[in-house]
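To start, the structure under review is shown below, and the notes come after it.
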Amino acid sequence: MWETFKAAMGAVDKAFEKCASVLIITGAIIVTLTVVIQVVLRYVLKLPLFGLEEFSRLIAVWIYFLGAYYGTRDDSHVQGDVAARLFTTARSQSILKTVTWALSLLACALFLYHAGTYSFWLYGTGERTTGLWWPRIYTVGSMFVGALLMTIYSLANVVKHLEITMAMAAGPAGGES
């Protein structure tokens, strides 16, 4: 049953990864184009387009939090590996990785709580942006979605590294290779 669940979640993960990749790449292209257009319009033609910066900022914030999800998913965040140098066995390094991800999960859960609290409060106020009068939840919602995805993938990484550590402990030499 656990293996079936993992296989199903793996398929969902692959589909979501492809979707997020497309959104990040498309968003980066859009932000680049809008900045270039705004620079040409403002400084060359002296005809700035109202609201283009706000639109660029909306896309950029979503790219940022999708990138945070991606970094959590792939374990590619910037990390210090000083503690890993103190532990020489594969099992002790696996335990360290599990503890590190458990602390990351705690931080992400805290971030999720505050992002959720703020997002739901902001949604309830109906507050709008100063330029285009878009609901602010469009930008702040990216924080909640990013925190949710980072929390889910931190949990997945804790489970993955816990399974590896437990398999090492169950091994013939206790994983002390």
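Of the residues 95, 83, 35, the one whose Cα sits farthest toward the positive end of the charge dipole of the chain, with +1 on the Cβ of Lys and Arg and -1 on the Cβ of Asp and Glu, is 35. Placing +1 on the Cβ of every Lys and Arg and -1 on the Cβ of every Asp and Glu, with no other charges, gives the chain a dipole of roughly 340 debye about its Cα centre. Simple spin-label estimate for residue 133 and residue 114 gives 3.3 nm between the two label positions (7 Å along the Cα-to-Cβ direction from each Cα). Per the Cα gyration tensor, region 2-170 maps to an equivalent ellipsoid with semi-axes of 39, 18, 15 Å, ordered largest to smallest. For the chain, a Gaussian network of Cα nodes joined below 10 Å ranks 102, 115, 167 by mean-square fluctuation, and the top entry is 167. Counting only lysines at least 8 places from residue 97 when in the same chain, those with an alpha carbon closer than 26 Å to its own are 6, 14, 160. Rg and Dmax of region 82-177, based on Cα coordinates, read 19.8, 65 Å.
Taken one residue at a time, the phi angles of region 6-17 give Karplus couplings (6.51, -1.76, 1.60, θ = phi - 60°) of 4, 5, 5, 5, x, 5, 5, 4, 4, 5, 5, 4 Hz. Gly and Pro are set to x.
What does the convex hull of the Cα atoms come to per residue for region 60-106, in Å³? Working shown, then result.
Working: hull volume 3.6 nm³, N = 47.
Per-residue hull volume (Cα only) is 78 Å³.
Running a GNM on the chain with Cα contacts under 10 Å, which residue among 43, 138, 70 ends up with the highest mean-square fluctuation? Residue with maximal mean-square fluctuation among 43, 138, 70: 43.
With the simple spin-label model, which puts each label point 7 Å out from Cα in the Cβ direction, the residue 125 to residue 145 separation comes to 2.2 nm. Each label was represented as a point 7 Å from its Cα along the Cα-to-Cβ direction; for residue 170 and residue 78 these points are 3.9 nm apart. Suppose a student asked you for the relative contact order of region 2-170, using Cα pairs under 8 Å spaced at least 6 residues apart; what percent would you report? Value for region 2-170: 27 percent. Taking amide H as placed 1.01 Å from N in the peptide plane, the amide H of residue 128 sits under 5 Å from that of 136, each at least 5 places away or on another chain.
Rule-based calculations on the coordinates, nothing more; no lab input. None of the values given here were measured: they were computed from a predicted structure. All Cβ positions, even for glycine, are placed from backbone atoms using ideal geometry, and neighbour counts span all protein chains on display.
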